[in-house]
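Colleague: Following this message is one structure expressed as structure tokens.
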């Protein structure tokens, strides 16, 4: 059965990563190693909650979003899919979990989703994204725009 951690089970400071591709163990170990490296200027501890369950094999973004809807505290989830495993930079898919109904008006929703509900990010970028979204320092759309402007359409932490 596919299940994601509830708000009670997931610390608000932990990045949530869902593995949906189980075909390349060496690549997956590389992704996990990159996700767990200290990050940012101060060498912050990388807090990651990985859902590494074969029940999620082949799941698509909508499957992940349906499960994530149960956790109202979650604003972004990161998906390690086949593209993640195959790419040299192991870019995960960052997906906003905030549905259209959460916005006060359609213009606000359109602004947040101007570049879509998802974009790719290097493993080093997941912590930057999660922390800034959690603190309200930046919006999902700002990260999506930065990814959109990259030649490979990948957000890279600075």
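Quick note: the coordinates plus some simple rules give every number you see, no bench work behind them. Bear in mind that the values here come from a model prediction, so they are computed numbers and not experimental data. Positions of Cβ are generated from backbone atoms using ideal geometry, with glycine treated the same way; all protein chains shown enter the neighbour counts.
Colleague: Once fully extended, how much extra length lies between residue 41 and residue 60, figured as 0.36 nm per residue of separation less the alpha-carbon to alpha-carbon distance?
Modeller: Length gained between residue 41 and residue 60: 3.5 nm.
Colleague: How many nm is it between the label spots at residue 24 and residue 89, if each spot is 7 Å from the Cα in line with the beta carbon?
Modeller: Result: 1.5 nm between the two label points.
Colleague: Taking the C-alpha atoms of segment 25-92, how large are the radius of gyration and the largest Cα-Cα span, Dmax, in Å?
Modeller: Here Rg and the maximum Cα pair distance are 13.3, 37 Å.
Colleague: Expressed as a whole number of Å, what is the distance separating the alpha-carbon centroids of segment 30-76 and segment 80-95?
Modeller: Comparing the Cα centres of segment 80-95 and segment 30-76, I get a distance of 12 Å.
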